[in-house]
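Here the structure comes first, spelled out in structure tokens, and everything after it is commentary.
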Amino acid sequence: RWTALALKARICLFEGTFRKYHKIANYEKFLQAAKESSAELINSNTYKLCDSYKSIYNSIDLTKNSEMILYKVYLTGIITHGISGFLTSSTTIAGLTKGAVESYVCKDGLPISQSSLYKGDKKIEDVLADRDGRLNVTIDNGLCYVNHTYKGTTSTTGYKSFKFVNEELSSADRLAPNNTTDAPIFWLSEVYLNYAEACV
């Protein structure tokens, strides 16, 4: 039931906002459905927000995470993935793009193009200052690129991702295809965000 409500909220929010911003009729009913589905799940008190955004993506075992509604389990020797290797190894596909980094808003909720808090991008410290806290646990605080390693790795974009990298794993088990960090599919934080956006 709870997974179905989370899925309904996600789909209805997408459809409602798409219709709203493309001036297509009946967007209100989809946003209302997203709001109601999210509210029912939130008010059930079945799940609770955890205090670590990083743990949602970097946990070897999400079983005890209080906000996980649905997740995929990975186990050594049975089923593993290569997401952390894809994001962090020295290949032509490693690293977040500049566009992805710039999509994170500042602490005042405004995009970097509109916020007086944004300090520019001359230094990585400036890029990370006064930004949405999720950015600081998504990328490392040092630039790494070809011929310039940071903590032993490079990146084709300069921005090294932390997501799905658990430091308890051996370096071999962090890379493709051996990674065993569990993967979130539906979790309470997203439901809260869906509710907030549907109310706007």
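Could we say that residue 41 is open to solvent by less than 30 Å² (accessible area, probe 1.4 Å), modelled with pLDDT of 95 or more and under 15 Å from residue 179 (Cα atoms) here? For residue 41, the condition - open to solvent by less than 30 Å² (accessible area, probe 1.4 Å), modelled with pLDDT of 95 or more and under 15 Å from residue 179 (Cα atoms) - is not met.
Quick check on residue 48: is it under 30 Å from residue 80 (Cβ atoms) and surrounded by 13 or more Cβ atoms within 10 Å (Cβ to Cβ)? Please lay out each step first, then the result.
Numbers: under 30 Å from residue 80 (Cβ atoms): yes; surrounded by 13 or more Cβ atoms within 10 Å (Cβ to Cβ): no.
Judged against the criteria, residue 48 is not a match.
Within the set 126, 140, 132, 108, the sole residue that is modelled with pLDDT under 80 and either surrounded by 16 or more Cβ atoms within 10 Å (Cβ to Cβ) or not aromatic (Phe, Trp, Tyr) (or both) turns out to be 140.
Just to be sure, is residue 64 open to solvent by 60 Å² or more (accessible area, probe 1.4 Å), within 15 Å of the chain's Cα centre (by Cα) and modelled with pLDDT under 95?
Working: open to solvent by 60 Å² or more (accessible area, probe 1.4 Å): yes; within 15 Å of the chain's Cα centre (by Cα): no; modelled with pLDDT under 95: yes.
No, not satisfied.
Just so you know, in the range 171-200 the residues that are small (Gly, Ala, Ser) and modelled with pLDDT of 75 or more include one that is surrounded by the fewest Cβ atoms within 10 Å (Cβ to Cβ), and it is 196. If you go through the range 154-200 and pick out every residue that is out of contact with any Lys or Arg (no Cβ under 7 Å at 6 or more places or on another chain), assigned to a helix (DSSP H, G or I) and hydroxyl-bearing (Ser, Thr, Tyr), you end up with 3. Scanning the range 67-79 for residues that are open to solvent by 50 Å² or more (accessible area, probe 1.4 Å) and modelled with pLDDT of 90 or more returns 70, 71, 72, 73, 75, 78, 79.
The values are calculated or read from the model by the stated rules, or taken from the named source; none is laboratory data. Quick caveat, the model's predicted, so the values are computed rather than measured. Note that each Cβ is placed from the backbone with ideal geometry, even for glycine, and that neighbours are counted across all protein chains shown. Keep in mind that these areas ignore ligands, DNA and RNA; they rest on the heavy atoms of the full protein, side chains included. Shrake-Rupley method; radii C 1.70, N 1.55, O 1.52, S 1.80 Å.
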